[in-house]
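Reading through the structure tokens given below for one structure.
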Amino acid sequence: QVQLVESGGGLVQPGGSLRLSCAASGFTFSSSAMSWYRQAPGRERELVAAITSAGGSTNYADSVKGRFTMSRDDVKNTLALQMNSLKPEDTAVYYCNAARSVSGTKWYDYWGQGTQVTVSS
């Protein structure tokens, strides 16, 4: 059974930090590109950060560049998002995503249940 379980969300003051984690199981984690998405009330779900299966390349949304850092541990099958200098605009439900496509054909697209991040004074 494929599982993606996010944790680490909570309430933090502006300027504070949080570290989100995603525990993965049921598929070959090391072969999967991984991503963090977020969705705020009334907003479309947006890509926050993505990392390749090899872990050698990361991409971030412009709104989080320089503040968020994504990493993966292919031994522990975990994905992390270190969030620093948090802003109220970062308030959203954050989702872990695993996807793999080969030559334009999607093999899978898995989602976690999400974890709430609230940035407020």
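Each value in this text was obtained by applying a stated rule to the coordinates, not by laboratory testing. It should be emphasised that the depicted structure is a prediction, and the values quoted were computed from it without experimental measurement. Neighbour counts are summed over all protein chains in view; Cβ atoms, including those assigned to glycine, are modelled from backbone coordinates with ideal geometry.
In table form, for the structure just shown:
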item: Within the stretch 52-121, trypsin sites (Lys or Arg not before Pro) in DSSP loop having at most 12 other beta-carbon neighbours inside 10 Å; result: Lys65, Lys76
item: Chymotrypsin sites (Phe, Trp or Tyr not before Pro) restricted to DSSP loop in the stretch 1-98 with at most 11 other C-beta within 10 Å; result: none
item: Anchor Lys65: aspartates and glutamates whose Cα lies under 16 Å away (excluding residues fewer than 8 positions away in-chain); result: Glu46, Glu89, Asp90
item: Relative intensity, log₁₀ I(q)/I(0), of the stretch 1-82 from a Debye sum that treats every alpha carbon as a point, q = 0.14 Å⁻¹; result: -0.49
item: Gain upon complete extension [Ser63, Glu89; 0.36 nm per residue less C-alpha separation]; result: 8.4 nm
item: DSSP beta bridge pairing in the chain, given as percent antiparallel to the nearest 5; result: 95
item: FRET E, pair Thr118, Ala54, Förster distance 25 Å, beta-carbon r, rounded to 0.05; result: 0.15
item: Two-site FRET efficiency, Gln82 against Gln1, from Cβ-Cβ distance with R₀ of 30 Å, rounded to 0.05; result: 0.60
item: Sparse-neighbour loop sites [GluC sites (Glu not before Pro); the stretch 23-113; at most 12 other C-beta within 10 Å; DSSP]; result: Glu44
